[in-house]
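Structure first, commentary second.
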Amino acid sequence: MKNIIIRTLTLISILSLSSCATNQDKKKEDKKKPNILFIFTDDQRADALGASGNPYISTPNIDKLGEGGTRFENAYVMGGNHGAVCAASRAMLMSGKSLFHVYDKLKGVKTMPEYFGEFGYESFGTGKWHNEPSSFVRSFDKGKNIMTMGMADHYNAPVRDLTSDGSLTKPVKKGFSTDLIADATLEYLNNYAKGKTEKPFFCYVAFNAPHDPRSPREDYIGMYKEDAIPIPGNFKGWHPFKFDNMNIRDETLGPWPRTPKLISQSLADYYALISHMDDRIGDIIKTLKAQNLYDNTIIVFASDNGLAIGSHGLLGKQNLYEHSVKVPLIISGPGIDKNQKKNALVYLYDLFPTLADLCQLPLPINIDGENLEPLLKGKNIETRKSLYTAYRNTVRAVRTEDWKLITYPNQNYQQLFNLEKDPLELNNLAENIENKTKVEELSNLMANWYQSSDDTANMSPKKILPMEYDYKKLKQRPDDKQPKYTLDKYFKGVDLSKIKKTKH
């Protein structure tokens, strides 16, 4: 009897130790899951980085992310359903869905941080959230200095905090947007390290820069000499034809015709906003390292869309030229190839399944994004052969590795560019008889994309609209988010008594 009791106690002890070991293994397994630091900028062209080969801008901290990870040279936003392209872009990013499956609303749609939370991640968000405040509350556990709007005066950014009861405080103007967002991130990371939580984090940092107003912090003004910055190679004084509202808000940030001086000034301020942001990103990386979080953190750097700033006579993003739909994208962290460049055709909404796989989570279902995880680990996989982009119901484009076709259905007009030979999209080859077969090939490809993406635009309208317009009749009109710096510099001679209120 005594031997039976001893054997029973021994068995219980073994089972207990086994259970304890299993729990410890599970905790170790959880700890192995990497953290996510997602840095998202606003209106940053893909070429507005030192890492992209731009010698006129200083972005050493972002460039180092590229050296320590993989940079995608052909990353795109699919487009937008209205002038605030960033709203649709962010909805696609957060949902993993394409434009025609989410547009710009996230109501009832599971978001990326929400999904990560289901698998034990703690989520924190700061900065711009342009997809309904209620979806932010649903998506994040913690949040500070949140901008639930499309844009703001950088000097007086109205920000809100997420309270412990799951509500957002009223907006309060606290200071310069870039610093508010960076400081909230630093505070979160330091508190996270002090808390010694076993949960990995999903930290979403959405800077409002370099979105206009083009008003750098005072000590960054003049960082770039205006006469030292060349204008884009595809600069024009005005866009050569009308395809949509040529007087949309983004286009009113400078007078017509655009001048080299205006564009150099704009780029100088634009670059200064980016360099300020780069400095603060450096502070965030230093904090990760100081708190021993860096080695187990996947860092994503991307932007919601590009911007024209003089290219093709445009200033904004409401078009489908490369400068407006192509975005920077860098991913670095544990297990990811270092100092690599990939030319695969990718969308921002591919990041949802990619990050899930990198973090050993089940791949999300009912999404459109493709998993890029194998590419980040040096594996050769087949990726998209083409991309489809759209702006409102007025422009559609499809591109392959070397070619791009843009269609303006309301004007019954097409542009064909050989991107390999003409990356600035200067020479329209659509009307050359020798390119008839290429136009037909890409038109068929566009039709296939139209069907598969559930596009609803009327591509064959009965009434064809004129392409001609008089740029001299366009009116420059500032909105109420422009500070004195930009009013004095970019709106000289404009009647400021008619400042337009905007929610954008």
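The values are calculated or read from the model by the stated rules, or taken from the named source; none is laboratory data. On a predicted model such as this, the values are computed, not experimentally measured, just so you know. Backbone-built Cβ (ideal geometry, glycine too); neighbour counts: all protein chains shown. Ligands, DNA and RNA are stripped out before the accessible areas are found, and what is left, the full protein with its side chains, is counted by its heavy atoms. Shrake-Rupley method; radii C 1.70, N 1.55, O 1.52, S 1.80 Å.
Within the range 361-443, the trypsin sites (Lys or Arg not before Pro) that combine a DSSP coil assignment with at most 10 other C-beta atoms in a 10 angstrom radius are Lys379, Lys385, Lys421. Helix 260-290: angle to the longest alpha-carbon principal axis of the chain, degrees 0 to 90, nearest 10? With both axes taken from Cα atoms, the answer is about 0 degrees.
Electrostatic tally near Thr287: other residues with Cβ closer than 13 Å to its Cβ, Lys and Arg +1, Asp and Glu -1, net +1. Label sites at Asn292 and Ser164, each approximated as a point 7 angstrom past Cα along Cα to Cβ, lie 2.8 nm apart. In this rough spin-label picture, where each label sits 7 Å from Cα along the Cβ direction, the Lys261-Phe119 distance is 5.6 nm. Taken one residue at a time, the phi angles of the range 164-174 give Karplus couplings (6.51, -1.76, 1.60, θ = phi - 60°) of 5, 8, x, 10, 9, 6, 6, x, 10, 7, 10 Hz. Gly and Pro are set to x. Centre-to-centre, using Cα atoms only, the range 253-310 and the range 161-187 are separated by 20 Å. Since only Gly66, His154, Val137 are under comparison, the one whose Cα sits farthest along the positive direction of the charge dipole of the range 65-154, derived from C-beta charges on Lys, Arg, Asp and Glu, is Val137. Computing semi-axes √(5λ) of the Cα gyration tensor in Å directly from the structure and comparing it against (1) 31, 28, 24; (2) 43, 28, 20; (3) 37, 25, 21 singles out (2).
At full extension, Phe241 and Met459 could sit 76.6 nm farther apart than now, given 0.36 nm per residue minus the alpha carbon distance.
Pairs from the table (Lys128/Lys174; Lys199/Lys338; Lys473/Lys498; Lys326/Lys421; Lys105/Lys342; Lys128/Lys492) lying more than 19 angstrom apart at Cα are Lys199/Lys338; Lys105/Lys342; Lys128/Lys492.
Probing with 1.4 Å while keeping every protein chain in the model, the per residue accessible area of the range 271-405 equals 31 Å². If you take the Cα centroid of the range 431-489 and the Cα centroid of the range 346-400, the two points sit 24 Å apart.
About its Cα centre, the range 171-277 has a charge dipole of approximately 160 debye under the convention of +1 per Lys or Arg Cβ and -1 per Asp or Glu Cβ, with nothing else charged. Placing R0 at 51 angstrom, the Cβ-Cβ distance between Lys174 and Arg392 gives a FRET efficiency of 0.90 after rounding to 0.05. Of the GluC sites (Glu not before Pro) in the range 350-434, the ones in a loop by DSSP (not H, G, I, E or B) with at most 15 other beta carbons within 10 Å are Glu382, Glu401, Glu420, Glu431. Shape of the range 348-405 from its Cα gyration tensor (a ≥ b ≥ c, root eigenvalues): rounded if a/c is under 1.5, otherwise prolate when a/b > b/c, or oblate? The shape class here is oblate. In a DSSP loop and with at most 10 other Cβ atoms within 10 Å, the trypsin sites (Lys or Arg not before Pro) in the range 155-240 are Lys196, Lys225. Multiplying the residue separation of Thr197 and Asp402 by 0.36 nm and removing their Cα-Cα distance gives an extension gain of 69.0 nm. Rounded to the nearest 0.05, what FRET efficiency is calculated for Tyr103 and Glu73 with R0 set to 25 Å and r the Cβ-Cβ distance? Plugging the Cβ-Cβ distance into 1/(1 + (r/R0)^6) gives 0.35.
For the range 264-318, with all protein chains present and a 1.4 Å probe, just round the carbon and sulfur fraction of the accessible area to a whole percent. Reported share for carbon and sulfur atoms: 39 percent. When only the Cβ of Lys, Arg, Asp and Glu is charged (+1, +1, -1, -1), the dipole of the chain relative to its Cα centre reaches about 980 debye. How many nm separate the modelled label positions at Glu218 and Asn432, each set 7 Å beyond the Cα in the direction of the Cβ? Those two pseudo-labels are separated by 5.5 nm. Per residue, the accessible area of the range 136-219 comes to 39 Å² when a 1.4 Å probe rolls over the protein heavy atoms.
With a ≥ b ≥ c taken as the square roots of the eigenvalues of the C-alpha gyration tensor of the range 78-228, please select rounded if a/c is under 1.5 and otherwise prolate if a/b is larger than b/c or oblate if it is not? The shape class here is oblate.
For the pair Leu474 and Ser497, the difference between a 0.36 nm per residue extended length and the Cα-Cα distance amounts to 6.5 nm.
For the range 131-200, rounded, prolate or oblate, judged on the Cα gyration tensor with a ≥ b ≥ c (square roots of eigenvalues), a/c < 1.5 rounded, else prolate if a/b > b/c? Taking the square roots of the gyration eigenvalues as a ≥ b ≥ c, the range 131-200 is oblate. The portion of the accessible surface of the range 75-216 made up by carbon and sulfur, rounded to a whole percent, is 51 (1.4 Å probe; DNA, RNA and ligands excluded).
Projecting the Cα positions of Leu496, Leu419, Pro466 onto the charge dipole of the chain (unit charges on Cβ atoms of Lys, Arg, Asp and Glu, taken about the Cα centre) puts Leu496 furthest along the positive direction. Counting only DSSP H runs of at least 4 residues, each contributing -39500 (n - 2.57), and dividing by the residue count of the chain, the helix-based mean residue ellipticity at 222 nm comes to -9500 deg cm²/dmol.
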